[in-house]
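Notes follow the structure.
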Amino acid sequence: MSCCNNEYEAKLAAEQAWPVQALAGGVQSFAVFRSLIINSVEMNKTAFWQIIESAKAEAQGDQQVQEQALISSLEKLDLEQIVEFECILREYLIEADHYNIIAAQKIIDGYVSDDPYLYFRCWLIGQGETVFTNALHTPDSLASVIEDPYQDFEALLYVATEAFGKRTGRTEEDDSFPRALASERGLNYDFGSETKGEDWTENQLPKMLPKLWKKFGPI
C-alpha cells in the first residue's frame, strides 16, 4: 500500500463522523468533506463509497443534486482515478446482478425488465455501501429502506463520463473515455454479466422476501 494511501486511510478513520456532522452544516460542509477525500490518492473501493455517500448525504433525497455532487467530486480527480471510479461502479453493478435482487424488484415494482433492472441497481449503489451490502446479503432489508416503488438512478451511469469531459474540456466521447476503457477490461454490465444465484417462480416470492411482500406485494 502506498504512503499516500496510508495517509488517506488515516484521514478517513479520523473523519468517520463527518457525514453526520456535515448534514447540519449544509453544502459548504460537504464541499470541505469532499476535498478531504479527493486529494491525489488511489481510487479504491473505500474512496468510491466515500464519494457516493457524501453526495447522497449532500443531496438529501434530490437525485439531481446527488448527480451534480458526484460530477463535482470526480472532475477534481486525475483522469486515471475517474476511469477507476467507472470500473468500480461496473464491478458493483455486475456483483448486484443476482436473482435475489430481481426478486426484490419484482415485488417492489410488480415487474422487471432490462433497463429498469439496471437503473434499480444504480439506485442501490447510490444509497451507499451499507444499503447496498445489506441488500446483496439480505434483499428483504430493503423493506426498511424503500417507501415507494420505481426507484432508479440512471444518471449514475454517466457521472464519470461527464466528469471526464469537464476535466479534459472535450465534449465528444471517444475510446479514451471511462466507459470505453472499462468495457475494454471486460466490465460490461449489459452483455458481460451473468445473473448469479438461483432462479425462482412467483409463488415462491412471499416466503423468499416476506417483509417486502407484506409492504409491496399484491393485496
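Does region 151-205 classify as rounded, prolate or oblate by the C-alpha gyration tensor (a ≥ b ≥ c root eigenvalues; a/c under 1.5 gives rounded; else a/b over b/c gives prolate, otherwise oblate)? Because a/c hits 1.5 or more and a/b fails to exceed b/c, region 151-205 counts as oblate.
Summary value for region 78-140: 35 percent relative contact order, contacts being C-alpha pairs under 8 angstrom separated by 6+ residues. Packing around the peptides 144-153, 68-77, taken as the average count of other Cβ atoms within 10 Å per residue, puts them in this order, highest first: 68-77, 144-153. Seen from LEU93, the other residues with C-beta closer than 11 Å to its C-beta sum to a net charge of -3, counting Lys and Arg as +1 and Asp and Glu as -1. Spin-label model, ALA180/HIS137: points 7 Å from Cα along the beta carbon direction are separated by 4.0 nm.
Both numbers refer to the Cα atoms of region 55-156; Rg and Dmax are 13.8, 42 Å.
Summarising the amide proton neighbourhood of LYS196: residues at separation of 5 or more, or on other chains, whose placed amide H is nearer than 5 Å comprise HIS98, TYR99. Fully extending the segment from ASP114 to LYS211 would add 32.5 nm, taking 0.36 nm per residue of separation and subtracting the current Cα-Cα distance.
Judged by the gyration tensor of its Cα atoms, with axes a ≥ b ≥ c, region 125-219 is prolate; a/c meets the 1.5 cut and a/b is the larger of a/b and b/c. Using the Cβ of GLU154 as centre and a radius below 11 Å, the other residues enclosed give a net charge of -2, where K and R count +1 and D and E count -1. A simple rule links phi to the HN-Hα coupling: the Karplus curve 6.51 cos²θ - 1.76 cosθ + 1.60 with θ = phi - 60°, which for region 43-60 gives 7, 10, 5, 5, 5, 4, 5, 5, 5, 4, 6, 5, 5, 4, 5, 5, 6, 6 Hz, with x for Gly and Pro. Distance from the alpha carbon centroid of region 60-139 to that of region 150-219 works out to 6 angstrom. Just to confirm a number: summing +1 for Lys and Arg and -1 for Asp and Glu over residues other than ALA143 whose beta-carbon lies under 9 angstrom from that of ALA143, what do you get? After counting each charged neighbour, the total is +2. Averaged over its residues, region 53-172 has an accessible area of 42 Å² per residue, based on protein heavy atoms and a 1.4 Å probe.
The values are calculated or read from the model by the stated rules, or taken from the named source; none is laboratory data. Just so you know, these numbers come straight off a predicted model, no measurement behind them. Counting neighbours? That spans all protein chains shown, and the Cβs are built from the backbone with ideal geometry, glycine included. Areas reflect the complete protein model, heavy atoms only, side chains present, ligands, DNA and RNA absent. Shrake-Rupley method; radii C 1.70, N 1.55, O 1.52, S 1.80 Å.
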